[in-house]
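Colleague: Quick one: the structure is below, and I'll ask about it shortly.
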Amino acid sequence: MKVVVACGGTGGHSFPGLAVASELKRRGDDVTVWMSGRAVESSVLKGWDGPVFSTGARQLHPRYALSILLSVYRCWREMRRARPDALLAMGSYSSLPPVLAARICGVRVVLHEANTVPGRAVEFLAHFADKVAVSFASTISLFPPGQAELTGLPVRAEIAGGTRLVEVPSDAFVIFVTGGSQGAHAVNLLATDAIAKLKRALETRPDARPLYVIHQTGVKDESFVRAAYRAAGVEARVNAFEYEMANAFATADIVIARAGASTCFELAACGKPAFFIPLPTAMRDHQRFNAEAFVAKGAADSGNQSMLSAKTLKEYLLARVDNPASLAEMSLKMRSLATPDAAARVADLVRLAVAV
């Protein structure tokens, strides 16, 4: 079977798509990954050794109308040449041109919606899809009866197989801060200030565990975050993009993060407690709903970015340092939310769409 997997835009859409692409390839299918061609995508393609096609897709905005039309034409032309049996599109603006081209060419379409609330692209493209795979059970009712199937969100196979980073002291309390593959300036500001305050609080305790921070900053904030920790005397591993995510998760006692669906389900796969700071401008407030789904199960806590202060976050972290049993309980609950066979479930759905 020949399959196209369209999964560009951000790491949150790319990593799940690549996980399914790898599963389909493992089954012997002929798989091509379609990306939008953005520079940020190069960092997530390092684990993929199959063919890649650049669609030129752009964000859904009137000023990009001509570029989007050109991308649809480019995708249509490639679809006619390659003649795949199915297209799997992972959502975001990067799915629009491939899905439209697939429907013009009569190719079966399966969508995947990562978040609790469908984005504009998936909501629109669902009209052209044979099936929609969803990550959260609550999302099923938002699509026509029989169209949506619960699969969970595919995560990278290696993400749960990490080992402790060798430079991190074995007795350290480790906080991993990540705003996603592109970073999050507001999270970076808040976390560095809170952690500096936490460091000062722990210094008053002669028996306190040493503090260590792993921080994925995004390109723009790497220098500022590194300097902030140095000034505060906090031992830290700071990178614009963390290439050892599996090891970072394995090392962390708690993770401070945005609540994108990929981050949520990677945390579940690793069984890592989290404090979510949902992106307040996320489309349809989907990150807040994602976070709430995990908080409701006792696997995480969350805070409103506009109301959260560095002092409040420091007090929260200090309480977790003082109560390791609570982190152990959150870890168990987080792991119970994992869907380790999600990539296989989505691959099954793609094959089913072709077989019908």
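Colleague: With the checklist (1) surrounded by fewer than 19 Cβ atoms within 10 Å (Cβ to Cβ); (2) among the small types (G, A, S); (3) touching a Leu at 6+ places or on another chain (Cβ under 6 Å); (4) not in a loop (DSSP other than H, G, I, E, B) in hand, flag the one item A208 doesn't pass.
Modeller: Tallying (1) surrounded by fewer than 19 Cβ atoms within 10 Å (Cβ to Cβ); (2) among the small types (G, A, S); (3) touching a Leu at 6+ places or on another chain (Cβ under 6 Å); (4) not in a loop (DSSP other than H, G, I, E, B), A208 fails exactly one: (4).
Colleague: Can I ask one more? Would you check if P280 is of a type outside the set (A, V, I, L, M), within 28 Å of K197 (Cβ to Cβ) and out of contact with any helix residue (DSSP H, G or I) (no Cβ under 7 Å at 6 or more places or on another chain)?
Modeller: Criteria met by P280.
Colleague: Can you tell which of E203, E149 is touching a residue at least 24 places away in the same chain (Cβ under 8 Å) and of a type in the set (D, E)?
Modeller: E149
Colleague: Another question, then. When you scan region 142-151, do you find a residue that is in contact with a strand residue (DSSP E or B) (Cβ under 8 Å, 6 or more places away or on another chain) and buried (at least 22 other Cβ atoms within 10 Å of the Cβ), even just one?
Modeller: Yes, the conditions are met somewhere in region 142-151.
Colleague: Pull up region 165-205, narrow it to residues that are open to solvent by 40 Å² or more (accessible area, probe 1.4 Å) and closer than 25 Å to I277 by Cα, then point me to the one that is nearest to the chain's Cα centre (by Cα).
Modeller: Q182
Colleague: Inspect region 174-181 for any residue being touching a residue at least 60 places away in the same chain (Cβ under 8 Å), out of contact with any Asp or Glu (no Cβ under 6 Å at 6 or more places or on another chain) and over 30 Å from G8 (Cα atoms) and give the result as yes or no.
Modeller: Scanning region 174-181, I find no residue that is touching a residue at least 60 places away in the same chain (Cβ under 8 Å), out of contact with any Asp or Glu (no Cβ under 6 Å at 6 or more places or on another chain) and over 30 Å from G8 (Cα atoms), so the answer is no.
Colleague: If you go through region 63-119 one residue at a time, how many are assigned to a strand (DSSP E or B) and open to solvent by 20 Å² or more (accessible area, probe 1.4 Å)?
Modeller: 1
Colleague: It is to be established whether one or more residues within region 48-55 are out of contact with any strand residue (DSSP E or B) (no Cβ under 7 Å at 6 or more places or on another chain) and crowded, with 17+ Cβ neighbours inside 10 Å.
Modeller: No, region 48-55 contains no residue that is out of contact with any strand residue (DSSP E or B) (no Cβ under 7 Å at 6 or more places or on another chain) and crowded, with 17+ Cβ neighbours inside 10 Å.
Colleague: Here's something else I'd like to know. Quick check, is F249 in contact with a Ser or Thr (Cβ under 8 Å, 6 or more places away or on another chain) and of a type outside the set (A, V, I, L, M)? Break it down into steps so the answer makes sense when it comes.
Modeller: Numbers: in contact with a Ser or Thr (Cβ under 8 Å, 6 or more places away or on another chain): no; of a type outside the set (A, V, I, L, M): yes.
Spelling it out, it is not the case that F249 is in contact with a Ser or Thr (Cβ under 8 Å, 6 or more places away or on another chain) and of a type outside the set (A, V, I, L, M).
Colleague: Give me the pairs, please: first residue somewhere in region 311-337 and in contact (Cβ under 8 Å) with a residue 40 or more places away in the chain and over 24 Å from V234 (Cα atoms), second residue anywhere and outside any helix (DSSP H, G or I) and among the hydrophobic types (A, V, I, L, M, F, W, C), beta-carbon distance under 6 Å, and either six or more positions apart or on two chains.
Modeller: Within 6 Å, the pairs are M330/A299; M334/A299; L337/A299.
The values are calculated or read from the model by the stated rules, or taken from the named source; none is laboratory data. Keep in mind the model is a prediction, meaning the values are calculated, not measured. Positions of Cβ are generated from backbone atoms using ideal geometry, with glycine treated the same way; all protein chains shown enter the neighbour counts. SASA here: full protein model, heavy atoms, side chains in, ligands and nucleic acids out. Shrake-Rupley method; radii C 1.70, N 1.55, O 1.52, S 1.80 Å.
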